[in-house]
Each structure stands twice: as structure tokens, then as C-alpha cells.
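Just so it is clear, none of the values below were taken in a lab; they were calculated from the coordinates. Since we're looking at a predicted model, the values are computed, not measured. FYI the Cβ positions are ideal-geometry reconstructions off the backbone, even for glycines, and counts take in every protein chain you see.
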Amino acid sequence: MQSLSTDNLYPNAKSQGLYKSLCRPRGFSRTFRVSLSAFSPNLVHVHGVRQHGRYTMPNPNQNQNQNQNQNRNRNQNQNQNQNQNQNQNQNQNQNQNHNPNPNPHEDFSLKETSPNLGSGRVAVSDRVATAFDLVEQMQYLYIRVVKAKELPPKNGTGSCDPYVEVKVGNYRGMTKHFEDKPNPEWNQVFAFLKDRIQSLVVEVMVKDKDMGRDDFMGRVLFEINEVPKRVPPDSPLAPQWYRLENRRGDRVRGELMLAVWMGTQADEAYPEAWHLDAAAVTGDGVANIQSKVYLSPKLWYLRVNVIEAQDLQPSDKNRPPDVFVKVVLGNEVLRTKISQSKNMNPMWNEDLMFVAAEPFDEHLVLSVEDKVAPNKDEVLGKCVIPLQSVERRLDYKPVNSRWYNLEKHVVAEGGQRREVRFASRVHLRVCLDGGYHVLDESTQHSSDLRATAKQLWRPSIGVLELGILNAQGLLAMKTKDGHGTTDAYCVAKYGQKWIRTRTIIDNLNPKWNEQYTWEVFDPCTVITIGVFDNCHLQGVDKVGGPKDSRIGKVRIRLSTLDTDRVYTHSYPLIVLHPSGVKKMGEIQLAVRFACSSLLNMLQMYSQPLLPKMHYIHPLSVPQLDSLRHQSSQIVSLRLSRAEPPLRKEVVEYMLDVGSHLWSLRRSNANVTRIGAVLSGLNAVFRRFEQICTWKNPFTTTLIHILFLILVIHPQMILSTVFFYLLMIGIWNYRLKPRHPPHMDIKLSHADTTRVDELDEEFDTFPTSRQADVVRMRYDRLRIIASRIQTVLGDLATQGERLHNLLSWRDPRATALFLTFCLIASIVLYITPFRVLTVLMGFYVLRHPRLRHRLPSVTLNFFRRLPAKADSLL
């Protein structure tokens, strides 16, 4: 038997350790071979044989060469013991090259935790949305610097460039300075974590900015023990005027308006406050470390129905025009097909779909063009349509069509462009469809399923609360001052609301303790939480600059959560790199899903998952893929222009933009999932086979009695089936999952995927790899496709055999089948149905002594029927 290998075909691939994946595409062959072996007994031989981790194709000369290979195998077996140690070392090296998990003993499991939430008090009843009871309370010292007045001028120049410096022990924070302004206004808040404070005094100093050393103008001192405490929802502490003092305690000219209080992260000033972490950040980088709430732009599907055009005037009137319409919206360009009407009044009646975002700043540009050459198009006319004037609709009632005049720009003598208006016009039906949900996420884990138009929204059914507590054991993402560090922040996305926590600088165990709330409109949705490393602490982005690195993400489906229960778990942060799967750390979350009306939530399970327009007038799969790509690009562009920006790489990772691309790992995982689903049916068949073969005589006897009862009382069949399902559900309640789902590396096949498969998954599109690697991947796909092709061929064969029972393709088989139908119709007419059912049941459950190991007559007859496979080339 000759092995299918790449030793001679791709020597470079072998040196890179890539050739073995060609010979061993895991997952496909085993599942397909098992699933169809019952239909065709020769199917196993079609797929080939797996030997020593490699797949070999059948050789017709196998029997002839078997005797010759026996002697060779004996010699090989004699040398095998001598080379055993060498092979073990080689296998260890190969495992290091092919095993993507460097630490197989690493813990990727979900862990339940018991944090001290809300000072030990977690309420499950109705509560204020701003109550921070899902995080550990952190005490902060807040100093709000509002403004100053009557500051003295600088000595010598008569001007004053003031700024304020807040000093608490060794920690300092400064406001921005103003040029020549004796009455400045800052309105800036500073927050100092109480656990880090080692001083008993807060010093607020006013200084004058100078080219050399800044001049001291005055200060205000506060005893930390005397600072009042504020607990929301109390009103904010009113700022007061304080006279400035010099270092000796004497009053000087000038006053400063301040407010100083002790609070928690529930304070309204917390998101905009200057934190201790900002001390290591300068300039515009301070804005990049603050927490922020974002909203996705409101997206609409824009439908452009191109109907026809009239009175076109091409330059070459002796040639039949090949006219098409090109429509441009922003960066998206779509074209219709070339009209089959080769005249001056072409017709199309074709729909083009775009994604438009509010506010509608861009215009729809439509041009009618004539294809005069393979790479040359002539513009016959153009029109611009403002999106603000486009009609909006909530259902599929057709909107009114309109004729739009086409304008053409020509170059006159002297090089000046002048606008010429023709009588040409185009007939369009343009509308904004608000009855669809614009998909910007993967449909498998979408966080919002509502239609675009608010008129179609249902009332909310509950509230989702998320407490982002901390992360532990994060890996160092970059090097700073000779040591590894990570500047971590979290992003959570649910519905149209995005949140971003503040960045904890230079900490591998950051603590955020921030809580956020979302309205829930559908329980069958998913919230996504991602952790990233901030690489933009030095201010404005630069073209080609560093990107924020991904540390991992977590998805939680709301329908898997019990209502009004607080889930506190530590989730593993897992990232798949080209070198393999890696655990980047753990994130501790607290999640609670509170339902306002249980009846409304249960009613949602009977409603369509998507708005009605997706079913009344569905979009094609290619259209949905194109529209999803457009919407994800629009969302990432809009959020990247916010302040601070939510960058494109972060948004695309949260939206899982590349989930539709080819991945052998995902394909193997999906095949495994299918096998797990079919394993239940396989277990039922095995159980039924044990009953039929009398493995347990007592159980088989009981089945006989139950069968007779159901035959005598057929009205009990359905009730018995549903009662059996009820008992199974009650029995499985003891195995009810107690924890929310998390990223599973075994289900994802991330722990067994080879390096070359990951290299293919992370490759660019189009590929950037060398030709021998691409040929290896192509041959691997051919092997997988050949097995799929064989499976499809076997399925087609079974269907054709079933069809040929009555087609007289095999006249003798059809005659036998018709004779059987005649006899069966007479027997079924004469014999009572209950008697016939009892006889058939007892025949199926007959004792093993009355059975034969050969296939049944019916199966033999069916396998002998002809199929169209004989006519294939």
C-alpha cells in the first residue's frame, strides 16, 4: 500500500514541519465514515485507511505486492528496536513543533469566586440603576478644582500663567495652565485611591508657569481625617472659596474654589476624574486612559431599486450600448448587471443594498455608464441623491418610484468643465428599510435583535448588570524600562451600548471595580467582554503606529442565567496566536440578569428571533455577508473617531469580524459538534439493539408488555412519548449547569491544532505564504473535499435507488417491487392493523436465536438497485 506523502513533493515544507497536516486532516474522515457506513458497506474502503497517524489511499495492486512487502517489513521490524531511542527524541521534537499549547497542565477552567460585593450586601430586589452592589467598594479622595480669582501678577512682567498642583504624599496631579489669566476656571476633578494614601494632609497649590522654575503663589491645606464622606444618591458637595496661604500659613492675595470629599467609584465624578495612573501619562494620552460609554451609530439598510433609464446618449451611436448603473455610498461601490436591452432605454429592475448610518452626512451618487471596452467605461449621466430626502418605511409596502435627471460634465474648449443637462433620466425606487435588524455581529452570538425603527421595538423585559472586578495573572504584553508590563483596560458590548473601563497602568493584576447597566429586550442575546493592552499612552495616534493588543474575551448568553441571581466567576482569558493557544490570565466578573416581568420574558420565546421583514422579504446569504461587512466597517470607523477613541482593532475583535473566514480548526470543531449531536441518536440505537438482542431479558420483557399496551390503546402513544420526555427532563435537572458558559479550548480544538493549521488560519487574504506552502494547503483541502465528495455521492446514490424503485431502470427489480406492493396491499387490507403491528413488533424484538447475521432481504434488495453513479465519468 503506497502512502500519500509530501516527502518528495515539498522538501521545504517538510523542513518546516508542515507536511504532516496534509497527511492527517483530523476529524472529517472518521465522522463521515461512521455516518454512512450503514448505507454503503464499501464506504469505509473508499475513504482509505489510517496508519500511524497518516491516511493512505487504497491501492488496487495491494494483494500482489503484499508478499513482497512482508520481507521488507521484517527487516524494518528488526531495525525498529535499534532506532527506538532516536525516534523517541524525534517525536519529542515534533511534538514541540506541532503542539500549540506550551503548557498542557495550564488551567483553562471556569472558577467560582466569592468577592466582597457592595460591602457584603447584594440586593436582589428592585433597586436604583446606579447602585454599585456588584463590585467591591473602593474609597477615593476627590478634589474638585473649580476656579480661582484675584491671583497676583507675576513679578517683573505683570502677567499671570496659573495652574493648580494637588499633592497627597508622593502623588501629584496638575491642571492645565492658562496664559495671562488672573481669574482662571479649570473645573477638574482629582481622585486618589485611599489605600495608596500615606499622608495625613492634602496640599492644593497654585503656581505660576515659568520658563525656568515655576513660582509658588499660594496653597490650601486639608486634614484627610476631617474630609467629609459622600454616598450617592446624595447631592454633590458644593464647592467653597478658600483664601490662599503662603508656606508660613499667612494669607496672601487670591482665592481658590474647591470641593473635597471621600467617596467611592459610584460617584458621578469618577469617570472624568484624574487618577493616580495618569501621573505616568503626559499630554493627550490622559484622555486615552479614562473610562467612557459609547453608542453605536444607528444603522439603516438602504435599498436602491434600479428600474430603467430613458433617452441615453452614448458617444458611439453605431454600437449597441452595454449599459449598467454604478451606485456609490461612501466607500462602498455596487453595480448592476449589464442591461439585456441593447438600446437607448435599458431596463434592469435590480436591487442594490447598502448600509447607511445616522446622521446621513454622505450622499448617494448614481451614474449610468456604458462599457465601451474591457477596461474602459463611459459615463452617460450622473445624479446625486441626499439621504435626508429618502423615504423611510417600516414594512414591505412599496414606496413611490421617482425619475431622476442625469447630468453629464463635459470639457469645453480651453479646458474648462461645464455642466450639460440632457433629457436623459433614470427611474429609481429608493428607500431606507427600518423593518430589518442591521447585523453588525455574528448571528451566532448577537447582542441585539431589534429592528432599526424605534416604532417596532417592544418594551424591555429586564436589566443586565455587569461588575468588572479585576484581572489576575496577566501576561506582560510589552517591555518598559527593562521589565515586562501591561496597561490593561476592559471593553464590554451589549446592544448599541459599548463601555470602556479606565486603563490600569503597569499592573499585571489590575482592579477596576466598575459597574455598568444595560436594558434587555431579548433574553436570547449575548454580552461580550474583552480585555486589551493600551498601547496609546503617549497621545495622538500615528499612521502605522502600534495597535492595542488583545488579551482575551468572554461571551455570556443571557438565556443561560437565572434571573435575580448574582454570578461571580473568574473567567480564563484565552487568545489563539499563530504559535498556539495561550492563557493570558483571568478576569473576575459579577453578572446579574433582573427580569421585570417573567410573563413577558416567556412570551419572547414564541416570537420570531429577527424582525418580521427578515421572513416576509428575506435577504440572500451573499447580501447578508456583504451588509454585515459594511456595517462592521461603519461602526469601527465611527467609534474610532470618538474621544477617547475605541480603535478599529478593538471593535473588530469584539464584533468577531473574521469568524466567517476558512479555518480547518473551526471545521474540525464543527464536525465534532455534529458528532456529539448524533451521538445521542447513536446511543438510542445501541439501546434499542440491546433490547432486540435480549442483553437484559427483564428489560426486553417489559418492552414487550409496553408495546402490547400501546397497540391495544394507541391513544396512549403520544402521551407516553411526552411523559417520557418529561421524566428525562426532570431527571436531568440534577445535572443542570450551575455556571455560565465560557471559552472552551477543547470544543474549539485549540489545544490540538497544529502550527501549520494556525498559520493558515492567521494568513492574510489573499495569501502571503510561499508557493510550496500554498500547494500543501491546497492538497490538504483536496483530500478533505474528496471525502466530502464521496459522502455526497453516497447520499445521491441512496436517493437515486429510492427513485428507481418505480422508474423501471431495472425492470426485474421494479416488477418485484410492484408485486410486493400488490401482495402488501391485499395483506394490509385483510389483516387488522393492530395484529399486523404486533407481528411486526415481535419480529423486530425476536430472540437472538431466531436472528441471522446476514443482511435482511429488504436491505439486500435495496443495495442491488441501480443508480446514476454508473454514468459518471
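Report the semi-axes of the equivalent ellipsoid for the range 140-263 in whole Å, largest first, where each axis is √(5λ) for an eigenvalue λ of the Cα gyration tensor. Display every interim value, and only then the final one.
Details: eigenvalues 133, 45, 34 Å².
For the range 140-263, the semi-axes come out at 26, 15, 13 Å.
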So if R0 is 56 Å, what FRET efficiency would Ile674 and Val201 give, r being the distance between their Cβ atoms, rounded to the nearest 0.05?
0.25
Wrap a convex hull around the Cα atoms of the range 292-395, take a quarter of its surface area, and give that in square nanometres.
8.6
Assuming R0 = 60 Å, what is the FRET efficiency of Lys149 and Leu706, from their Cβ-Cβ distance, to the nearest 0.05?
0.05
Want the number for Val838 to Ser825: 0.36 nm per residue separation, take away the alpha-carbon distance, what's left?
2.9 nm
Just grab the label-to-label distance for Trp731 and Lys167, each label 7 Å out from Cα along the Cβ direction, in nm (one decimal).
7.6
With the alpha-carbon atoms as the only input, what is the per residue convex hull volume for the range 443-661 in Å³?
144
Let me have the relative contact order for the range 423-568, percent, based on Cα pairs under 8 Å that are six or more residues apart.
22
Name the residues of the range 801-824 whose amide N is less than 19 Å from a point 7 angstrom out from the Cα of Ser871 along the C-beta direction?
801-814
Over the range 299-433, relative contact order from alpha-carbon pairs under 8 Å, at least 6 apart, %:
31
Can you compute the label reach from Arg251? Point 7 Å from Cα along the Cβ direction, backbone N cut-off under 16 Å, restricted to the range 207-223.
218-221
Here the relative contact order (percent) of the range 194-311, from C-alpha pairs under 8 Å and at least 6 apart, is 16
Report the residues of the range 728-767 in range of a label on Glu112: point 7 Å along Cα→C-beta, backbone N strictly under 15 Å from it.
734-741
Could you calculate the FRET efficiency of Lys376 with Ala785 from 1/(1 + (r/R0)^6), where r is the beta carbon distance between them and R0 is 60 Å, rounded to 0.05?
0.95
